[in-house]
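Step one of this worksheet: look at the structure below.
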Amino acid sequence: MNWFDVAAADSLAPGQCRTVEVRGHRLALINIDGQFHALDDRCPHRGAPLGAGYLDGTRLFCPLHGWEFDARTGACTTRPELPVARHPVTVENGRVLVELAL
Ligand code: FES
């Protein structure tokens with residue numbers, strides 16, 4: 001496991017999410033009330049980028065067909081058997097770091 005610098009902490013305001021890429025691996029980076037979270041970006045339905053989704057509190061909605069996820073855990077509310085992976089996140093010196101097995 002390694003930590004990867006994915007973004008400046010001040011580049012993503014609370015209540016926002018976006019897709020970031022680490023060595024070809026796409027992540028949905030999410031800021032909920034100043035706490036960062038990172039999920040695999042690929043929706044288990046048809047692969048849409050969850051980082052382009054709509055965030056409502058802790059609920060993240062896929063931009064394509066609206067499947068709902070818990071943005072903190074990756075749990076899928078719409079289809080509980082199809083969660084997305086979450087990854088540890090920390091902030092150091094104003095940078096967001098994500099731990100990945102790359
Ligand atoms: S691709 Fe995400 S809900 Fe269909």
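Looking at (1) within 14 Å of the ligand (Cβ to nearest atom); (2) out of contact with any strand residue (DSSP E or B) (no Cβ under 9 Å at 6 or more places or on another chain); (3) under 23 Å from VAL91 (Cα atoms), which is the one condition that is false for ASP10?
Answer for ASP10: the failing condition is (1).
Need the failing condition index for LEU60 against (1) in contact (Cβ under 8 Å) with a residue 40 or more places away in the chain; (2) more than 11 Å from the chain's Cα centre (by Cα); (3) closer than 21 Å to ASP10 by Cα, just the number.
Failed condition: (2).
Quick one: in region 58-89, of everything that is hydrophobic (A, V, I, L, M, F, W, C), away from the ligand (no atom under 11 Å from the Cβ) and buried (at least 17 other Cβ atoms within 10 Å of the Cβ), which residue is farthest from TRP3 (Cα to Cα)?
If we filter region 58-89 for residues that are hydrophobic (A, V, I, L, M, F, W, C), which is where we start, we get 60-62, 64, 67, 69, 71, 75-76, 82, 84-85, 89.
The next check asks that each one be away from the ligand (no atom under 11 Å from the Cβ); those that pass are 71, 75, 85, 89.
Keeping just the survivors that are buried (at least 17 other Cβ atoms within 10 Å of the Cβ) gives 71, 89.
Working: ALA71: 20, VAL89: 9 Å.
Only one residue fits best here, namely ALA71.
Do you know which of the residues in region 11-57 that are on the phi > 0 side of the Ramachandran plot and in contact (Cβ under 8 Å) with a residue 40 or more places away in the chain is surrounded by the most Cβ atoms within 10 Å (Cβ to Cβ)?
Filtering region 11-57 for residues on the phi > 0 side of the Ramachandran plot gives 15, 23-24, 33-34, 47, 57.
Adding the requirement that they be in contact (Cβ under 8 Å) with a residue 40 or more places away in the chain leaves 15, 23.
Working: GLY15: 12, ARG23: 8.
Restricting to residues being on the phi > 0 side of the Ramachandran plot and in contact (Cβ under 8 Å) with a residue 40 or more places away in the chain, the top hit is GLY15.
Read-outs throughout are calculated quantities, based only on the coordinates presented, and are distinct from any laboratory measurement. Small disclaimer: the values here were computed from a predicted structure and weren't measured. Quick reminder, even Gly has a Cβ in these numbers, built from the backbone with ideal geometry, and neighbours come from all protein chains shown.
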